[in-house]
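Notes follow once the structure below has been shown.
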Amino acid sequence: MTTLGNASRSQHTRSGSAVGEVIPTRQFLTFRIGDEQFGMELAQTREILEYSGVTAVPLMPKFLRGVINLRGDVVPVIDLAVRLGREPISVQRRTCIIVVEISMDEQQHVLGLLADAVSEVMEITDADIEQAPAFGASIRTDFIKGIAKRGQQFIVLLDANNALSVRELAHLVENELQ
């Protein structure tokens, strides 16, 4: 288990910038689903758990893989690949559960996200985040906060509050039960 801090915004001086110029940065936890790289703000991430199985819940939608017991609390585990419109994650050696905390209606909701592997924590400046494309994306555009480029690789930065909207997920579960 890895526990992460809550610092997500910091300020750094970028090399090549004017002396004393402060450029705001945000920290993102990056992870892999299939061959794609994604990121989520570190402030929403509580911890990373090694995958050791989940308890399946009958009659749930495909995106809900089951639940885990996290220190006495029942935490639903979302297959993020399915939620993003991809094939379900096939559990491998590096598969993990990213435990996130989502705020909605002044309440905190804890969810587990199944991912193929966690990559690293990256500091990304606001200037290095491009807007989500208005079309052509294979993910709902409201799920995307922006796109960051690192070297030759693009990282899709997820808007966790939209992609993991507790209200929308609950509605999908209700529809499955009807």
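The values are calculated or read from the model by the stated rules, or taken from the named source; none is laboratory data. Here the structure is a predicted model, which is why all the values come from computation and not from measurement. Positions of Cβ are generated from backbone atoms using ideal geometry, with glycine treated the same way; all protein chains shown enter the neighbour counts. The protein model used for the area step is the full one, side chains on, heavy atoms only, and it has no ligands, DNA or RNA in it. Shrake-Rupley method; radii C 1.70, N 1.55, O 1.52, S 1.80 Å.
Quick rundown of the values:
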item: Two-site FRET efficiency, residue 152 against residue 92, from Cβ-Cβ distance with R₀ of 22 Å, rounded to 0.05; result: 0.35
item: Accessible area per residue, Å², the range 48-119 with all protein chains present, probe 1.4 Å; result: 53
item: The range 80-170: trypsin sites (Lys or Arg not before Pro) in DSSP coil with no more than 11 other Cβ atoms inside 10 Å; result: 93
item: Prolate/oblate/rounded call for the range 46-126, Cα gyration tensor, a/c under 1.5 rounded; result: rounded
item: Apportionment of accessible area to carbon and sulfur, the range 27-136, percent (1.4 Å); result: 48
item: Förster-model FRET efficiency, 25 Å R0, residue 110 and residue 32, C-beta, rounded to 0.05; result: 0.65
item: Projected label distance in nm at residue 117 and residue 59, using a 7 Å step from Cα toward the beta-carbon; result: 4.0
